[in-house]
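Structure record follows, encoded as structure tokens.
The values are calculated or read from the model by the stated rules, or taken from the named source; none is laboratory data. Note that this is a predicted model, so its numbers are computed, not measured. Ideal geometry is used to build each Cβ from the backbone, glycine not excepted, and the neighbour counts take in all protein chains shown. Calculation scope for accessible area: heavy atoms of the full protein, side chains included, ligands and nucleic acids excluded. Shrake-Rupley method; radii C 1.70, N 1.55, O 1.52, S 1.80 Å.
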Amino acid sequence: MGAEQLMALGQRPARHVHVSSYFLMSADLRAELPNVLSRWRASGVAASIDTSWDPSEEWLVGPVLAEVDVFLPNFAELLAVTGATSAGEALASPLTRGCDVVTKRGEAGAVAVVGGDRYTIAALPPPFFGDAIGAGDSFDAGYLAGRLTGLLALHERAVVVDGLVVSRWSREVFEGMREGGITAANCTVAVWE
């Protein structure tokens, strides 16, 4: 999609717009995105972004962060974007003020600052944790689905969704899911050993 197609989406294309792979977009699309998000937010559209890794490692994302409600980086991306050296410093950065921040930390779980409140959630303990590579989009989808539908204990459930997606599937995993109240699962990521 180019900037022209983005502009053609109208005043209110959806209730929520999620932007992913920001640093892989064309320069003209990245330049226009803050203006479009600002216009959509003025008409009541919520927005989120998961920038992914910046191949140039310049991390110029400030204008677009000012126009989103939720920033969903992994921990390394959060540190790079903010120039911080710790989670506390990064979550307090002026770049992240004004939006909720939910950062994925792989085997260490996740940390979120939502509405000014901080949540730290552990990952599933072994043997449930498998490999978090590639799980970020699934985490984002689970978190945003919960946020948009108003799930209680949203931040804890988002990590469980992520943990299940990257789990090493076994009878024990399914029994644990059932005990936790989960009655169905959709595996979108496979881990081959």
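Just to make sure I understand: if all protein chains stay in place, what is the order of TYR119, TYR143 by accessible area at 1.4 Å, largest first?
Heavy-atom accessible area, descending, gives TYR119, TYR143.
Taking 0.36 nm per residue of separation and subtracting the Cα-Cα distance, what length does fully extending LEU60 through ALA122 add?
Extending this stretch completely gives an extra 19.3 nm.
Mind checking region 33-117 for trypsin sites (Lys or Arg not before Pro) that DSSP puts in a loop (not H, G, I, E or B) and that have at most 15 other Cβ atoms within 10 Å?
Those that pass, being in a loop and sparsely packed, are ARG97.
Assuming R0 = 30 Å, what is the FRET efficiency of SER43 and SER20, from their Cβ-Cβ distance, to the nearest 0.05?
Between SER43 and SER20 the formula returns 0.85.
Roughly how many debye, to the nearest 20, is the charge dipole of region 1-121 about its Cα centre, given +1 on each Lys and Arg Cβ, -1 on each Asp and Glu Cβ, and no other charges?
For region 1-121, the charge dipole is close to 420 debye.
Could you go through region 37-42 in sequence order and give the Karplus-derived ³J(HN,Hα) for each residue, using 6.51 cos²θ - 1.76 cosθ + 1.60 with θ = phi - 60°, rounded to whole Hz, and x for Gly and Pro?
Per-residue couplings from phi come out as 4, 4, 5, 5, 4, 5 Hz.
Of the peptides 21-29, 74-82, how do they stack up when ordered by the mean number of other Cβ atoms within 10 Å, highest first?
Going by the mean number of other Cβ atoms within 10 Å, highest first, we get 74-82, 21-29.
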